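**Q** I'd like to ask some things about the structure below.
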Amino acid sequence: MEIKLFDSELKVMEVLWREGDLTAGEIAKILKEEIGWNRNTTYTVIKKCVEKGAIKRLEPNYTCRTLISKEQVQEQETIELINKMFDGSAEMFFATFINSKQLNQHDINKLKKIIDELK
């Protein structure tokens, strides 16, 4: 399932992934507290997510439920990034990531373990 979500839509999705099913009003309240959105902005973004098939609207009370997982979106966004910035080369992506010098020894050991488990 390929659904392109924009940053604003990801903010709504993050709330639902974190909190579970919520009414649109509850989402609006959380996003007002977290990032200052007004109710109309939140409802507009929820509507776009529903139209894209990322959220399902349930009655009663306009309850929202995600139809795609955070992992699905992460995988899709990663593939898109690799294709766009690294000409589809996962090797180039990984090399750039490793060479960014932002990894500590713990992170390096975890990555080595992941690679070893792929063998």
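The values are calculated or read from the model by the stated rules, or taken from the named source; none is laboratory data. Note that the structure is a prediction, hence the values are computed from the model and not measured. Positions of Cβ are backbone-derived with ideal geometry, glycine not excepted, and every protein chain shown enters the neighbour counts.
**Q** Quick check on SER89: is it modelled with pLDDT of 90 or more, closer than 30 Å to LEU22 by Cβ and surrounded by 11 or more Cβ atoms within 10 Å (Cβ to Cβ)?
**A** The answer is no for SER89.
**Q** Does GLY88 count as farther than 30 Å from LYS112 by Cβ and without any contact (Cβ under 8 Å) to a residue 40 or more places away in the chain?
**A** No; evaluated as a whole, the condition is false for this residue.
Residue-wise test of (1) surrounded by 10 or more Cβ atoms within 10 Å (Cβ to Cβ); (2) hydrophobic (A, V, I, L, M, F, W, C); (3) not in a strand (DSSP E or B).
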{"site": "GLN74", "(1), (2), (3)": "yes, no, yes"}
{"site": "GLU77", "(1), (2), (3)": "yes, no, yes"}
{"site": "ILE82", "(1), (2), (3)": "yes, yes, yes"}
{"site": "PHE93", "(1), (2), (3)": "yes, yes, yes"}
{"site": "THR96", "(1), (2), (3)": "yes, no, yes"}
{"site": "ILE114", "(1), (2), (3)": "no, yes, yes"}
{"site": "GLU117", "(1), (2), (3)": "no, no, yes"}
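**Q** Report the residue count in segment 63-72 for those that are exposed (fewer than 13 other Cβ atoms within 10 Å of the Cβ) and of a type in the set (S, T, N, Q). Give the derivation first.
**A** The first filter runs over segment 63-72 and keeps only residues exposed (fewer than 13 other Cβ atoms within 10 Å of the Cβ), leaving 65, 69, 71.
Next, only the ones that are of a type in the set (S, T, N, Q) stay: 69.
Qualifying residue count for the region: 1.
**Q** Looking at (1) surrounded by fewer than 12 Cβ atoms within 10 Å (Cβ to Cβ); (2) at pLDDT 95 or above; (3) not in a helix (DSSP H, G or I), which one does SER100 not meet, given that it meets all the others?
**A** With (1) surrounded by fewer than 12 Cβ atoms within 10 Å (Cβ to Cβ); (2) at pLDDT 95 or above; (3) not in a helix (DSSP H, G or I) applied to SER100, the lone miss is (2).
**Q** Tally the residues that are among the β-branched types (Val, Ile, Thr) and touching a Phe, Trp or Tyr at 6+ places or on another chain (Cβ under 6 Å), restricting the search to segment 22-76.
**A** 1
**Q** Return the pairs, sorted by first residue and then second, in which the second residue is assigned to a helix (DSSP H, G or I) and surrounded by 13 or more Cβ atoms within 10 Å (Cβ to Cβ), the first residue lies in segment 65-84 and is among the hydroxyl-bearing types (Ser, Thr, Tyr), the beta carbons are less than 8 Å apart, and the residues are 6+ apart or on different chains.
**A** As it stands, the answer is THR66/MET13; THR66/LEU16; THR66/TRP17; SER69/TRP17, since those pairs meet every condition given.
**Q** Go through (1) buried (at least 20 other Cβ atoms within 10 Å of the Cβ); (2) on the phi > 0 side of the Ramachandran plot for GLY20 and report which single condition fails.
**A** In the conditions (1) buried (at least 20 other Cβ atoms within 10 Å of the Cβ); (2) on the phi > 0 side of the Ramachandran plot, GLY20 misses (1) alone.
**Q** Can you tell me which of LYS48, LYS32 is surrounded by 12 or more Cβ atoms within 10 Å (Cβ to Cβ), among the charged types (D, E, K, R), under 16 Å from the mean Cα position of the chain (by Cα) and within 21 Å of LEU5 (Cβ to Cβ)?
**A** Within the list LYS48, LYS32, the selection yields LYS48.
**Q** Residue by residue through segment 51-62, note down the ones that are of a type in the set (A, V, I, L, M) and either closer than 15 Å to TRP17 by Cβ or surrounded by 15 or more Cβ atoms within 10 Å (Cβ to Cβ) (or both).
**A** Here is the first cut: in segment 51-62, the residues of a type in the set (A, V, I, L, M) are 54-55, 58.
If the condition is that a residue be of a type in the set (A, V, I, L, M) and either closer than 15 Å to TRP17 by Cβ or surrounded by 15 or more Cβ atoms within 10 Å (Cβ to Cβ) (or both), then ALA54, ILE55 are the ones that fit.
**Q** Now for a separate question. Determine whether TRP37 is among the aromatic types (Phe, Trp, Tyr) and not in a helix (DSSP H, G or I).
**A** Against the criterion (among the aromatic types (Phe, Trp, Tyr) and not in a helix (DSSP H, G or I)), TRP37 qualifies.
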